[in-house]
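Peer 1: Here's a structure for you.
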């Protein structure tokens, strides 16, 4: 019945598309609206089918979904006592997380289970079976398998940021999609769900956060402005322009989940700022020019997953310190990721701090052609000057409306009316209307050229730096060698779990390399510390 209805509806939609393609004027507009309504109706039907399938799987057998999860594959290896954790989340909202180390799995295809050992060296299995007292020693000494990428230019592959679209998931990856749906229910935390490998993009989440600074000249504008109001509006402008650089492709793929202790660092030359020859001895990237913007990120917690990052430009006396806890959930036809945490931009010369929060991210239309949007209310505030901004990232309505819209209002302390109203699209053009003057283009995010970040060459990086850590996975995805990518990723995951068990056995904590925990995560050795 479902197949018959789906076929009939699909044929009608295709007929409408053909007619709309040849229509003109008002008829074309009306047919376009009818097409959009028909597609929304199809999505609604698909959603209903998802719910029916999940209900059937629960009724037939409670164990059905368990046999398709990562946790069951390694149940005999799971720790029997709760792991020791660094107490780093007292200030965050009480959201539930499992304490199982099996959560570490990032994304893998159930179809790859039979070929897991095709490329992986037998020495990995030795690491898995080693006694607990020797696990860390073995994990650190065992070399990775030969993934056949010795001749690849890892740096060039990372510099190629173009991502291919995942296409129509139902048509191209139907069996994987059905496997995914068998594991989930609406509202479910996706931490332990097996996600397909093809949705991975070729960078770590830590590197994605670095891309918030792809316009370093915009980040530092506030340091040269004379009034508190101008500085505040400049910070708001930088904030609204940062998201497109981090998610500009629009491709619905997810970055690698960073492992505990993973780091990423880079730096940028700032347009209009020449090198002075004076080098830093501290900060995220020692040895950089004081006129360069430097950045470092570290995964400081695994349960829950928290990333800390810090950026500074010493000569302009500006820094940003942030932490983000990602919480994902299944929403039926969408996947939602709440970004819990905040960032603090500090203008040291003026002793002003600007606190910003983050919108949630959504992967929409996961049954057809996925796409990404941002949603939710966020704030920018400066306690010292009293200025604040209320910003709303508007999600696309189910019927009608446009995606990627934002509305924002900037307020002065003691004023009920906004001194500046902003509207538009966060991935396009935003306009602003001051209280007493005409509307103007506030920012066009596609107009500015991005600055290229500079990293240490991949093979000169530390073993836990993102690009070196994930290099085999990245090459596998780039060359469409999904088997290799999956095997390389599992090697990283298994080492991480073995080390976590050993920390539990020895009852010690992993010490953060670059940050310490206060009310937020603070870089230990910044140029402005001490």
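The values are calculated or read from the model by the stated rules, or taken from the named source; none is laboratory data. Just so it is clear, the model here is predicted, and its values are computed rather than measured. Heads up, the Cβs are rebuilt from the backbone with ideal geometry, glycines too, and the neighbour counts pull from every protein chain shown.
Peer 1: For region 302-312, check the following and say yes or no: at least one residue is closer than 16 Å to residue 224 by Cβ, assigned to a strand (DSSP E or B) and modelled with pLDDT of 95 or more.
Peer 2: Residues of region 302-312 closer than 16 Å to residue 224 by Cβ: none.
Within region 302-312 (the criterion being closer than 16 Å to residue 224 by Cβ, assigned to a strand (DSSP E or B) and modelled with pLDDT of 95 or more), the answer is no, since none of the residues qualifies.
Peer 1: Still on this structure: Which count do you get for residues in region 385-395 that are without any contact (Cβ under 8 Å) to a residue 40 or more places away in the chain and assigned to a loop (DSSP other than H, G, I, E, B)? Break it down into steps so the answer makes sense when it comes.
Peer 2: Going through region 385-395, the residues without any contact (Cβ under 8 Å) to a residue 40 or more places away in the chain turn out to be 386, 388, 390, 392-395.
Filter again for assigned to a loop (DSSP other than H, G, I, E, B), leaving 386, 395.
The qualifying residues number 2.
Peer 1: Would you confirm, using the coordinates I've provided, whether residue 338 is over 22 Å from residue 311 (Cα atoms) and either in contact with a helix residue (DSSP H, G or I) (Cβ under 6 Å, 6 or more places away or on another chain) or not assigned by TED's automatic domain parsing to the domain that holds residue 221 (or both)?
Peer 2: no
Peer 1: Kindly indicate whether residue 435 is at pLDDT below 95 and in contact with a helix residue (DSSP H, G or I) (Cβ under 6 Å, 6 or more places away or on another chain).
Peer 2: Numbers: at pLDDT below 95: yes; in contact with a helix residue (DSSP H, G or I) (Cβ under 6 Å, 6 or more places away or on another chain): no.
No; evaluated as a whole, the condition is false for this residue.
Peer 1: Which one of these does residue 259 not meet: (1) at pLDDT 95 or above; (2) assigned to a loop (DSSP other than H, G, I, E, B)?
Peer 2: For residue 259, the exception is condition (1).
Every residue, every condition in (1) within 26 Å of residue 337 (Cα to Cα); (2) in the same structural domain as residue 332 (by TED's automatic domain parsing); (3) buried (at least 21 other Cβ atoms within 10 Å of the Cβ), yes or no:
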{"residue": "368", "(1), (2), (3)": "yes, yes, no"}
{"residue": "373", "(1), (2), (3)": "yes, yes, yes"}
{"residue": "380", "(1), (2), (3)": "yes, yes, yes"}
{"residue": "403", "(1), (2), (3)": "yes, yes, no"}
{"residue": "408", "(1), (2), (3)": "yes, yes, yes"}
{"residue": "412", "(1), (2), (3)": "no, yes, no"}
{"residue": "416", "(1), (2), (3)": "no, yes, no"}
{"residue": "425", "(1), (2), (3)": "yes, yes, no"}
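Peer 1: Something else about it: Assuming residue 327 fulfils every condition listed in (1) modelled with pLDDT of 95 or more; (2) within 25 Å of residue 374 (Cβ to Cβ) apart from one, which condition is it?
Peer 2: Going through (1) modelled with pLDDT of 95 or more; (2) within 25 Å of residue 374 (Cβ to Cβ) one by one, residue 327 breaks only (1).
Peer 1: In region 263-280, which residue that is touching a helix residue (DSSP H, G or I) at 6+ places or on another chain (Cβ under 6 Å) and closer than 30 Å to residue 498 by Cα is surrounded by the most Cβ atoms within 10 Å (Cβ to Cβ)?
Peer 2: Out of the qualifying residues, it is 264.
Peer 1: From the list 343, 322, which one is assigned to a strand (DSSP E or B), in the same structural domain as residue 254 (by TED's automatic domain parsing) and without any contact (Cβ under 8 Å) to a residue 40 or more places away in the chain? So that I can check it myself, show each step before the final result.
Peer 2: Values: 322 fails: without any contact (Cβ under 8 Å) to a residue 40 or more places away in the chain.
343 is the lone residue from the list that is assigned to a strand (DSSP E or B), in the same structural domain as residue 254 (by TED's automatic domain parsing) and without any contact (Cβ under 8 Å) to a residue 40 or more places away in the chain.
Peer 1: As an exercise: evaluate residue 450 against (1) assigned by TED's automatic domain parsing to the domain that holds residue 161; (2) within 29 Å of residue 241 (Cβ to Cβ) and give the number of the one condition it does not meet.
Peer 2: Result: residue 450 fails condition (1) only.
Peer 1: Further question: In region 281-301, which residues are closer than 25 Å to residue 258 by Cα and part of a strand (DSSP E or B)? Don't jump to the end; show me each part of the working.
Peer 2: If we filter region 281-301 for residues that are closer than 25 Å to residue 258 by Cα, which is where we start, we get 282-286, 293-301.
Residues satisfying the conditions are 293, 294, 295, 296, 297, 298, 299, 300, 301.
Residues checked against (1) surrounded by 15 or more Cβ atoms within 10 Å (Cβ to Cβ); (2) at positive phi; (3) outside the structural domain of residue 151 (by TED's automatic domain parsing):
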| residue | (1), (2), (3) |
| --- | --- |
| 441 | no, no, yes |
| 446 | no, no, yes |
| 463 | no, no, no |
| 478 | yes, no, no |
| 483 | yes, no, no |
| 495 | yes, no, no |
